1. Could you compute the net charge surrounding ARG79? Neighbours are other residues with a C-beta less than 11 Å from the C-beta of ARG79; K and R count +1, D and E count -1.
2. In µm²/s, what is D for region 1-75 at 37 °C and 0.692 mPa s, where D = kT/(6 pi eta Rh) by Stokes-Einstein and Rh is the Kirkwood radius from Cα pairs?
3. Going by accessible area, probe 1.4 Å, with all protein chains left in place, what is the ranking of MET135, MET55, largest first?
4. Which loop chymotrypsin sites (Phe, Trp or Tyr not before Pro) in region 2-109, with loop taken from DSSP, have no more than 14 other Cβ atoms within 10 angstrom of their Cβ?
5. Work out the length of the dipole vector of region 1-74 about its Cα centre, built from +1 on the beta-carbon of each Lys and Arg and -1 on the beta-carbon of each Asp and Glu, and round it to the nearest 20 debye.
6. Using the Kirkwood radius built from alpha carbon pairs, what does the Stokes-Einstein equation give as D for region 17-144 at 10 °C and 1.306 mPa s, in µm² per second?
7. Could you grab the relative contact order for the chain? Cα pairs under 8 Å, six or more apart, rounded to a whole percent.
8. Count neighbours as other Cβ atoms within 10 Å of each site's Cβ, and list the GluC sites (Glu not before Pro) in region 51-80 that are DSSP loop with at most 14 such neighbours.
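The values are calculated or read from the model by the stated rules, or taken from the named source; none is laboratory data. In this text, all values refer to a predicted model and were calculated from it rather than measured experimentally. As a convention, Cβ positions derive from the backbone with ideal geometry for all residues, glycine included, and neighbour counts pool all protein chains shown. Note: areas computed on protein heavy atoms with side chains; ligands, DNA, RNA excluded. Shrake-Rupley method; radii C 1.70, N 1.55, O 1.52, S 1.80 Å.
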Amino acid sequence: IGTWKDDIKIDQEVVAAYIGGEIPPNAGAHSGRDWGAFDIRKEVIDRCPTECMRMEGGKLMINNRECNRCMHCINVMPRALHIGDDRGVSILAGAKAPILDGAQMGSLIVPFIKAEPPYTEIKEKVIEPIWDWWMEEGKNRERM
């Protein structure tokens, strides 16, 4: 899963443009009907699962230590909010989709590793050791 480690970048002028109705939210995806004026509190701040966002003095503030990077705020205001510069991947394994239980997320194996071409660090430090371990310990009919 692609992710980043540093803070979300905020362009306060563009946030104000969203609030003022100059820029359509969700990149205009819901512009087919009149949904009313954009309300940053209802559509962004109150929908944050970790409640890490607030308006302070007309500016959007994000407590990045509490953010779980769900991407909702970035999807609603893509011109105002951007992911950080310290980019990489989180690696999960063991996800499955059993018929009765529904989709289940895998276990987080690597919380963050830089993802830069030619990606040899990921291959040598993560994937090959997992393959080696799985060849010895993996059960029949299990997949990795």
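1. Its environment carries a net charge of -3.
2. Estimated via Stokes-Einstein, D reaches 246 µm²/s.
3. MET135, MET55
4. Within region 2-109, the qualifying chymotrypsin sites (Phe, Trp or Tyr not before Pro) (loop, at most 14 other Cβ atoms within 10 Å) are TRP35.
5. That gives region 1-74 a dipole magnitude of about 200 debye.
6. The estimated diffusion coefficient comes to 86 µm²/s.
7. Numbers: 174 pairs, mean separation 39.4, N = 144.
Value for the chain: 27 percent.
8. On the way: sites: GLU51, GLU56, GLU66; in loops: GLU51, GLU66.
In loop regions of region 51-80 (DSSP not H, G, I, E or B), the sparsely surrounded GluC sites (Glu not before Pro) are GLU51, GLU66.
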